[in-house]
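Asks: Sharing a structure here in structure tokens format.
The values are calculated or read from the model by the stated rules, or taken from the named source; none is laboratory data. Being a predicted model, the structure only gives us computed values, none of them experimental. Reconstructed Cβ throughout: ideal geometry from the backbone, glycine too, with neighbour counts over all protein chains shown.
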Amino acid sequence: MTTAPPTPSLREQRRLPDSVLPLACCCLASLLILIPFFAWGAASGHDFEFHAASWFDAAYQWKEGILYPRWTAWTNHGFGEPRFIFYPPLSWMLGGFLTLLAADPAVPMIYIVLTQTLAGLSAYLLLRRLSSRRGALLGALFYTVNPDALLMIYIRSDFAEQLACALFPLLLLSALELCELIADSSVTTRTIASFACLYAGVWLCNAPAGVIASYTMALLIAWAGFTDRSWRILARGGSALALGLGLASFYIVPAAYEQRWVNIGQALASGLSPSENFLFTAIADAEHTWFNWIASVCALSLILLLGLTALLSRRLTRSGVAAPQNRSAFVALLVAGTAATALTLRWTLPLWNYLPKLRFVQFPWRWMSILALVCACFMAVAGEKRRGSIWIALVLLMTVPLAWFLVRNTWWDSDEMATMRDAITSGTGFDGTDEYDPLGDDHFDLPSDAPLTKVLSGEDSDDSATPQARVQVVKWTTESKEIRVESPEPARIALRLLNYPAWRVEVNAKAVQPERADDINQMIIPVPAGSSQIDVRFTHTADRKIGNAISLLSALLTIGLFWIGRKPTRAD
């Protein structure tokens, strides 16, 4: 007696989901990137210390019960800075969470595997809508190990931008659906809500990536609206962009408003301005010039690959650039890739100077994030046939010598994470950041071993006149300080803390305006003779309240759009 074959419905139930193989392949590719880490430790690139310090500082404050830190505890050797107001939260929250779960040397490695696997999987979900399964898998693998990703991992250590790039494919997919550039895509209120969430997610990963995403999405929406002569697409796209900014307003509004309270101009200091970082630009700093050439080679390789894959996709697919129903999508992608290429070249300097916030992208070669994604799209279509697959396999193999070159031109340190953690346990803290230093301060002049409190005389005089006051620190957390002072005469108490408008200072329950030192912006609080109670709190300023309110309203609207656009279920 023979058994009847399983019914088609059972076969379908037993099949693995379409995304399992891409997930496994992208995870494997991410692990291959880490081979040098197992040999030499962490790649201590340009921004490694900044990100690692943020991870440890955030985790430290979570243990204090502060769920969303705004002020840092250990930067500037304990004087702090408002870093978390200006730097988007998703990357340092993910890194901080990993420091609580994993051993220190493994944290950056786990972070890289997670983000690059996410990047590859999200690229597959995009490319599967534009090409065959094989082409999508090849394109996703390329996006996982593309030159821009390798540059960020090995030399730049820009973990925040790396996370933002992992979301770019999903954002692009949502934009193509929103603009009706993908066949068989129905635009509903859910499409608008999905785009807004992804767009906000990019902003909450990395601000320069948010600016790049804003201009790229605006270009795609404008292109689709004008070529289709549809004001509906323009209105829908503009609304989705506005909603996304609204969702991220709890970060964007304070970061934009409070720039007037810090030395934000240092973000464009010497070596950091766009004019000094166009492709193959040389300046007096030899080290800067060498890195710019490395980044330029990576960008040039992507530009050439984009041109090559665009030609291959036209020659090797059955219907030209792509299937006829997706041809407009690839034309729009080519427009985006061309614009990204142009912005890496010096002749676009007027755009960098006058377009809003574009100069804060700092490095024109950062547009590689768009070039890599567009290149992956054309590569997926070119890889639909066997001949194209061979070419793409060769391209993937060519990433090996590039990776090796980057590996040989970075700094490896197996003890970097342990050193960063020791900076907290020993109380020495970390160096501060130029652009987040409060106005009137130079963080290079701050002492590295200042006590929590120091008694100064009540008036300007030499140290011999310092009163014999007794100071007791009752509470000292990142956002709250309580200090009791017993002094026979008026005195001033210098705290290991920088002045910032968000600090509210009270002496004996009365608000006072703190003073500052002559050479640094250290907080100094005058107290009268006798017993005094000093309370210092980091408060919610008006801009933070406004940003929170806008984000809350935007979140409610987004939930409503998801609810309205839900698909009706079929009755049994």
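Asks: Among the numbered conditions (1) closer than 19 Å to residue 558 by Cα; (2) surrounded by fewer than 23 Cβ atoms within 10 Å (Cβ to Cβ), tell me where residue 199 comes up short.
Replies: (2)
Asks: Pull up the range 80-106, narrow it to residues that are more than 14 Å from the chain's Cα centre (by Cα) and charged (D, E, K, R), then point me to the one that is nearest to residue 41 (Cα to Cα).
Replies: Checked the range 80-106; the qualifying residue nearest to residue 41 (Cα to Cα) is 104.
Asks: May I pose another question? Pick out the one residue from 212, 221 that is touching a Cys at 6+ places or on another chain (Cβ under 7 Å) and either surrounded by 22 or more Cβ atoms within 10 Å (Cβ to Cβ) or under 25 Å from residue 357 (Cα atoms) (or both).
Replies: 221
Asks: How many residues are over 22 Å from residue 466 (Cβ atoms) and at pLDDT 95 or above when one looks only at the range 511-538?
Replies: Qualifying residue count for the region: 3.
Asks: Does any residue of the range 266-285 turn out to be more than 30 Å from residue 499 (Cα to Cα), part of a helix (DSSP H, G or I) and touching a helix residue (DSSP H, G or I) at 6+ places or on another chain (Cβ under 7 Å)?
Replies: Yes: the range 266-285 contains one or more residues that are more than 30 Å from residue 499 (Cα to Cα), part of a helix (DSSP H, G or I) and touching a helix residue (DSSP H, G or I) at 6+ places or on another chain (Cβ under 7 Å).
Asks: Taking the stated definitions as given, is residue 130 farther than 22 Å from residue 152 by Cα and in contact with a Phe, Trp or Tyr (Cβ under 9 Å, 6 or more places away or on another chain)?
Replies: Answer is yes for this residue.
Asks: Please go through the range 493-515 and pick out each residue that is closer than 24 Å to residue 449 by Cβ and over 34 Å from the mean Cα position of the chain (by Cα).
Replies: Those that are closer than 24 Å to residue 449 by Cβ and over 34 Å from the mean Cα position of the chain (by Cα): 493, 494, 514, 515.
Asks: Related question: Within the range 333-431, considering only helices (runs of 4 or more DSSP H) that don't extend past its boundaries, which have at least 3 residues that are more than 22 Å from the chain's Cα centre (by Cα) and free of Cβ contacts under 8 Å to residues at least 24 places away in the same chain?
Replies: 349-354, 386-408, 416-425
Asks: Sticking with this structure for a sec: What about residue 179, is it in contact with a Ser or Thr (Cβ under 8 Å, 6 or more places away or on another chain) and among the hydrophobic types (A, V, I, L, M, F, W, C)? Reasoning before the result, please.
Replies: Numbers: in contact with a Ser or Thr (Cβ under 8 Å, 6 or more places away or on another chain): no; among the hydrophobic types (A, V, I, L, M, F, W, C): yes.
No: the conditions fail for residue 179.
Asks: Of the residues 248, 299, 255, which is under 24 Å from residue 407 (Cα atoms) and modelled with pLDDT of 95 or more?
Replies: 299
Asks: If I filter the range 69-90 for residues that are free of Cβ contacts under 8 Å to residues at least 24 places away in the same chain, aromatic (Phe, Trp, Tyr) and not in a helix (DSSP H, G or I), do I get at least one hit?
Replies: There is no residue in the range 69-90 that is free of Cβ contacts under 8 Å to residues at least 24 places away in the same chain, aromatic (Phe, Trp, Tyr) and not in a helix (DSSP H, G or I).
Asks: Could you please give the count of residues in the range 272-290 that are under 21 Å from residue 433 (Cα atoms), over 21 Å from the mean Cα position of the chain (by Cα) and not acidic (Asp, Glu)?
Replies: First pass over the range 272-290, keeping only residues under 21 Å from residue 433 (Cα atoms): 272-274, 276-277, 285, 287-288.
Right, trim to over 21 Å from the mean Cα position of the chain (by Cα) and you get 276, 285, 287-288.
Imposing the further condition that a residue be not acidic (Asp, Glu) reduces the set to 288.
Of the residues in the range 272-290, 1 are under 21 Å from residue 433 (Cα atoms), over 21 Å from the mean Cα position of the chain (by Cα) and not acidic (Asp, Glu).
Asks: Additional query: Just checking, does the range 116-125 include any residue being buried (at least 24 other Cβ atoms within 10 Å of the Cβ) and either over 19 Å from the mean Cα position of the chain (by Cα) or aromatic (Phe, Trp, Tyr) (or both)?
Replies: Yes, the range 116-125 has at least one match.
Asks: Anything in the range 231-240 that is more than 12 Å from residue 558 (Cα to Cα), in contact (Cβ under 8 Å) with a residue 24 or more places away in the chain and not basic (Lys, Arg)? List them, or say none.
Replies: Pass one, the range 231-240, residues more than 12 Å from residue 558 (Cα to Cα): 231-238.
Still in the running and in contact (Cβ under 8 Å) with a residue 24 or more places away in the chain: 233, 236-237.
Correct list: 233, 237.
Asks: Would you pick out the residues in the range 516-539 that are over 19 Å from residue 80 (Cβ atoms) and either within 35 Å of the chain's Cα centre (by Cα) or surrounded by 14 or more Cβ atoms within 10 Å (Cβ to Cβ) (or both)?
Replies: 526, 527, 528, 529, 532, 533 - these are the residues of the range 516-539 that are over 19 Å from residue 80 (Cβ atoms) and either within 35 Å of the chain's Cα centre (by Cα) or surrounded by 14 or more Cβ atoms within 10 Å (Cβ to Cβ) (or both).
Asks: Restricting to the range 540-563, and then to whatever is buried (at least 19 other Cβ atoms within 10 Å of the Cβ) and of a type in the set (Gly, Ala, Ser), can you tell me which residue is farthest from residue 257 (Cα to Cα)?
Replies: Only one residue tops the list, namely 554.
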